[in-house]
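This report concerns only the one structure given below.
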Ligand SMILES: Nc1ncnc2c1ncn2[C@@H]1O[C@H](COP(=O)(O)OP(=O)(O)OP(=O)(O)O)[C@@H](O)[C@H]1O
Ligand code: SF4
Ligand SMILES: [Mg+2]
């Protein structure tokens, strides 16, 4: 299917390193400077992503998943966002020190992103084919009719029926699932090496959710993309992700292979999440198995940020920040990770 | 689409009838004797007055007069003014002046208003934003006739850049620049405010985030993706405001002594020339309603979510 | 025609029940209290209203006393704003002139709110033929530009040489009401149409609540806020229209004292004695500004999105 793309696609200037590592986020910090004060949304997040790998990022609402993704993408509004320290390396080059123009040109061909609400994320006043074709026109200098042809091809690829007829229709004329397929078509248009999907199925019906996840998995397999999958849906993650990172109050508190995460959680928060799976997507609602709400990011508790809600919290949790450390095959930021893992 | 237009045109009929009747009734009530001054220094002879009143149906009850007037109007006969000149001839000339004045005012609204609004919206909270906010509030709170007389004094009299008055019936377009600016000034301010508000709101929208994620330049994200959405309400405003523009033309034409529709209405009122006033205003109302229909159609083109079926 | 004005002011980002509407009001009040512009405009309006009610509080001079020997004087300790072409003290006349503008503005806003509100609610709530009829009537009055209607009306019913002050003011209020209510009616109607399909309204109807009760306790709390915002902003517009009519010589006329009259007098002397124009214009503009700012502040408070 990709004969046109591969032949017309310029060879990328960016090459992953020997073991296929595409992306490396290193001790990233993000703050929001608002009238209410400084919200420390991301407080030292590190992870990496390899070719053909799917990394799931999990966590409650407000834990910083989207901010992390948008920082990688370079689409945070600064101000109010500030990145005081950290590095985001793509194929060895630090994106944060790169000139903005160079970075902009990478969005689409190298790193791409899809969002939760496809209806509001697509421009209501332009045809969908025009919006998909814009990728080719702007990044490849393609003319309008060729770009439309590419749009039709992509819409067919993401299984939109009657793509030729519908390419000139507007977003509001499609169903929710179809709109998300259009977002996906737009994101994979230029064969990116990294695709970030920020809750791609949250706004959809259950049956449609499964179809979209299957489509993402299929495309990832086919193109050997590195996929970052941000989701609330722990059930879906189990089938498609290779590894998972769990975020809490702007930190990664646990990292594990997907099977370990489910079978042997090494952090009290992960365990709580697993126990409250059905309710996880209800924003603002207390997690059944955990209770309480995430902290206000302008006043993150001292010590382990999770301590006010943790059933295992001891004095040390209220004073010392637990580092993310190896625990068996996994990583966990808990003073009592071993006990959790084994108990 | 065709059906929609037909339905709208049909809906317009009762509105035109009602509006013209109200205007007719008010003009009917105009006090004073229209024959005063028609016969030199002396009062007119009883005979003349009787003939005059008969000719202009002034002895019939209001509704009958209105009916007779309407009967002629739909046949394209706008009547003759009290000097015996067909109103249609007068109007043709005067509408070209006021038409140019209004179009230029709208051009000022569109160009200056949108430009100022975009600059302010894109640089929200910066100097230019504050400048636009303050100066638009300034313009909105000062009555147009004060602005008009003031600018007339500065540009027309003190510096002599533009003519201070434009009394000619075939005034060149360039002489209408200053009056058109004055006429449009209030709307320029409103357009700027509206553009800014919409732009700021749309700049925060999800699809602008998408545009950034697509690797588009900032100019394209703002210029192509945000502007179109932001301008849809502005177009509606300019259309709805057209009526205010026509009303404002009376004031502006008075200040600059322009022989347009506004001046004509004003003179008609003062000389108790009912037919002239009613016909002029009726045409004005019809133009206004048609402009509104046009704007609604344009709205459907700009915003694909609206369908006129 | 589209409901333009209605569309620019979204009817209360309104809640799903009345409790929520009430807390919306509380939220709005809380954010209003923190808004500097709100307090500035309230203070200005307070001063102008006081000026209108009790002008002698601000000046001991007689605005009707013209000193022929001291015309067009520039500001001095004796005459703070100077004197005008007839030797009147401009400061005193500016203070006394507030009354006409403030009365016209406030009364016309109240009457348009009342008339437009009632007709809009009736049209939106009952729908059907009543809506069709009222909407056409609204269209009819909407089709006549305010200034034009005002000019025709005031010319048709001119003031006598010694018409009573309040009769003239009342006429201006009447004409502003007659041609000013449609914006409010359209806005109100579309607010009602937005609120009506909500479940709590349907439930109240099913339970046999009287229409008046439903309107009062379910519809008005949600639909009133945007209408009040527009009425406040219109207040400024009405003040300007009143002055414009005076400028055209068909609104208030001397010997009545008003900003409009003072401004149109002063316009003749703009070249030589600009200070005569400055002060009444300044006061009028400040009054208009105050109401616009108040309207903006209230709108922002009810519609947090617009901040
Ligand atoms: N523009 C902003 N200004 C101020 N604070 C912000 C801004 N954007 C995000 N935040 C804060 O950063 C924190 C993390 O937000 P983020 O959107 O990353 O959460 P999330 O994990 O994606 O949650 P969700 O599941 O709700 O999407 C939140 O507490 C939020 O309040
Ligand atoms: S460090 Fe303490 S508070 Fe934090 S998760 Fe572990 S046990 Fe709970
Ligand atoms: Mg998110």
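Laid out as a table, the results:
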| read-out | value |
| --- | --- |
| Extreme residue, nearest to the other protein chains (Cβ to nearest Cβ), among residues of region A:63-87 that are under 14 Å from the mean Cα position of the chain (by Cα) and near ligand 1 (Cβ under 7 Å from one of its atoms) | A:66 |
| Test result for residue A:237, in a helix (DSSP H, G or I) and under 16 Å from the mean Cα position of the chain (by Cα) | yes |
| Residue match in region A:189-207 (condition: under 15 Å from the mean Cα position of the chain (by Cα), assigned to a helix (DSSP H, G or I) and more than 16 Å from ligand 2 (Cβ to nearest atom)) | no |
| Near pairs, Cβ below 7 angstrom, 6+ apart or cross-chain, from region A:268-296 (closer than 20 Å to residue A:250 by Cβ and away from ligand 2 (no atom under 15 Å from the Cβ)) to any residue that is modelled with pLDDT of 70 or more and not in a loop (DSSP other than H, G, I, E, B) | A:280/A:234; A:280/A:273 |
| Residue in region B:156-177 that is more than 20 Å from residue B:295 (Cα to Cα), more than 14 Å from chain C (Cβ to nearest Cβ) and over 24 Å from the mean Cα position of the chain (by Cα) present | yes |
| Selection count where residues are modelled with pLDDT under 85 and either surrounded by fewer than 22 Cβ atoms within 10 Å (Cβ to Cβ) or within 17 Å of residue A:50 (Cα to Cα) (or both), scope region A:183-203 | 2 |
| Filter pass, residue A:214 being in a helix (DSSP H, G or I), on the phi < 0 side of the Ramachandran plot, in the same structural domain as residue A:75 (by TED's automatic domain parsing) and surrounded by fewer than 19 Cβ atoms within 10 Å (Cβ to Cβ) | yes |
| Residue among A:58, A:95, A:28 that alone is more than 9 Å from ligand 1 (Cβ to nearest atom), at pLDDT 90 or above and at negative phi | A:28 |
| Tally of residues being under 26 Å from residue A:20 (Cβ atoms), more than 16 Å from ligand 3 (Cβ to nearest atom) and surrounded by 15 or more Cβ atoms within 10 Å (Cβ to Cβ) across region A:68-92 | 7 |
| Failed item in (1) modelled with pLDDT of 85 or more; (2) within 16 Å of ligand 3 (Cβ to nearest atom); (3) farther than 19 Å from residue B:209 by Cα, with residue A:52 passing the rest | (2) |
| Which listed residue, of A:223, A:251, A:264, is more than 14 Å from ligand 1 (Cβ to nearest atom) and within 24 Å of residue A:46 (Cβ to Cβ) | A:264 |
| Residues located in region C:107-150, provided they are more than 14 Å from chain B (Cβ to nearest Cβ), closer than 30 Å to residue C:251 by Cβ and touching a helix residue (DSSP H, G or I) at 6+ places or on another chain (Cβ under 7 Å) | C:107, C:108, C:109, C:111, C:112, C:113, C:115, C:116, C:117, C:119, C:120 |
| Hits in region C:238-283 - residues which are free of Cβ contacts under 8 Å to residues at least 40 places away in the same chain, within 17 Å of residue C:176 (Cα to Cα) and facing chain B (nearest Cβ under 9 Å) | C:247 |
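Yes/no per residue for (1) within 22 Å of the chain's Cα centre (by Cα); (2) over 30 Å from residue A:33 (Cβ atoms); (3) modelled with pLDDT under 80:
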position	(1), (2), (3)
A:248	yes, no, no
A:251	yes, no, no
A:257	yes, yes, no
A:294	yes, no, yes
A:303	no, no, no
A:318	no, no, no
A:324	yes, no, no
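Per-residue answers, yes or no, for (1) part of a strand (DSSP E or B); (2) surrounded by 14 or more Cβ atoms within 10 Å (Cβ to Cβ); (3) in contact with a helix residue (DSSP H, G or I) (Cβ under 7 Å, 6 or more places away or on another chain):
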{"position": "A:17", "(1), (2), (3)": "no, no, no"}
{"position": "A:29", "(1), (2), (3)": "yes, yes, no"}
{"position": "A:33", "(1), (2), (3)": "yes, no, no"}
{"position": "A:41", "(1), (2), (3)": "yes, yes, yes"}
{"position": "A:44", "(1), (2), (3)": "yes, yes, no"}
{"position": "A:60", "(1), (2), (3)": "no, yes, no"}
{"position": "A:66", "(1), (2), (3)": "no, yes, no"}
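Residues are listed down the side, and each one gets a yes or a no for (1) on the phi > 0 side of the Ramachandran plot; (2) surrounded by fewer than 23 Cβ atoms within 10 Å (Cβ to Cβ); (3) more than 16 Å from ligand 1 (Cβ to nearest atom):
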site: A:100; (1), (2), (3): no, yes, yes
site: A:114; (1), (2), (3): no, no, no
site: A:119; (1), (2), (3): no, yes, yes
site: A:133; (1), (2), (3): no, no, yes
site: A:175; (1), (2), (3): no, yes, yes
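The values are calculated or read from the model by the stated rules, or taken from the named source; none is laboratory data. These figures come from a predicted structure and were not determined experimentally. Please note: Cβ atoms are built from the backbone with ideal geometry, for glycine as well, and neighbour counts cover all protein chains shown.
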